[in-house]
Amino acid sequence: VQLQASGGGLVQAGGSLRLSCVASGTAFSSSAIGWFRQAPGKQRELVATINRGSSTNYADSVKGRFTISRERYGNKVYLQMINLKPEDTAVYYCRLNEGGRTYWGQGTQVTVSS
C-alpha cells in the first residue's frame, strides 16, 4: 500500500487549501482513511477521518472549517480546508487502515501566515 499526499502550500490566514491523497495497492473502498497533522515540537494529532460508509469525524479545532471526502469509485481522499488559521500550520499526513494494518503517506506541508 502506498499513499501520496499533495496540495499543501503557503497561504494567508483566512485562505483555503485542498489536500489530496492518492492510494495504491489497496482495496480503497473498504478502508478507513484519515488526515493527521504534526506541528513542530508537537505530537501528531487527528484532523479528520472517514470510514468506508463515508461517516466522518473531526477534531474540535477544525469542525466547520475542514471537510474530508473520498471518491466513491476511485482511490482518492480529500481534505478541503477553509478559513485557515496560523495554528493550522503543520505537516499533514494521510493514513489508511486496512486489514488490521496502518499505512502512512509522506506528508505535505501547510503553512498559514498571519
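The values are calculated or read from the model by the stated rules, or taken from the named source; none is laboratory data. On a predicted model such as this, the values are computed, not experimentally measured, just so you know. Virtual Cβ from ideal backbone geometry, glycine too; neighbours counted across all protein chains shown. Note: accessible area is taken over every heavy atom of the protein model, side chains too, but ligands, DNA and RNA are not part of it. Shrake-Rupley method; radii C 1.70, N 1.55, O 1.52, S 1.80 Å.
Residue 58 fails exactly one of the following numbered conditions: (1) within 21 Å of residue 42 (Cβ to Cβ); (2) of a type in the set (Phe, Trp, Tyr); (3) open to solvent by 60 Å² or more (accessible area, probe 1.4 Å). What is the number of that condition?
That leaves (3) as the condition not met.
Being open to solvent by 70 Å² or more (accessible area, probe 1.4 Å), closer than 19 Å to residue 58 by Cα and in a loop (DSSP other than H, G, I, E, B) is the filter here; which residues of region 68-114 pass it?
82, 83, 85
Output the residue which, of all residues in region 1-43 that are hydroxyl-bearing (Ser, Thr, Tyr) and assigned to a strand (DSSP E or B), is farthest from residue 112 (Cα to Cα).
It comes out as 24.
Of all residues in region 17-33, count the ones that are of a type in the set (S, T, N, Q) and either open to solvent by less than 50 Å² (accessible area, probe 1.4 Å) or under 14 Å from residue 109 (Cα atoms) (or both).
The number of residues fulfilling the criteria is 3.
Which residues, counting only those in region 39-55, are open to solvent by 60 Å² or more (accessible area, probe 1.4 Å) and either touching a Lys or Arg at 6+ places or on another chain (Cβ under 6 Å) or charged (D, E, K, R) (or both)?
Within region 39-55, 42, 44, 45, 52 qualify.
If residue 15 meets every condition in (1) free of Cβ contacts under 8 Å to residues at least 60 places away in the same chain; (2) out of contact with any strand residue (DSSP E or B) (no Cβ under 7 Å at 6 or more places or on another chain) apart from one, which number is that one?
It fails just one condition, (1).
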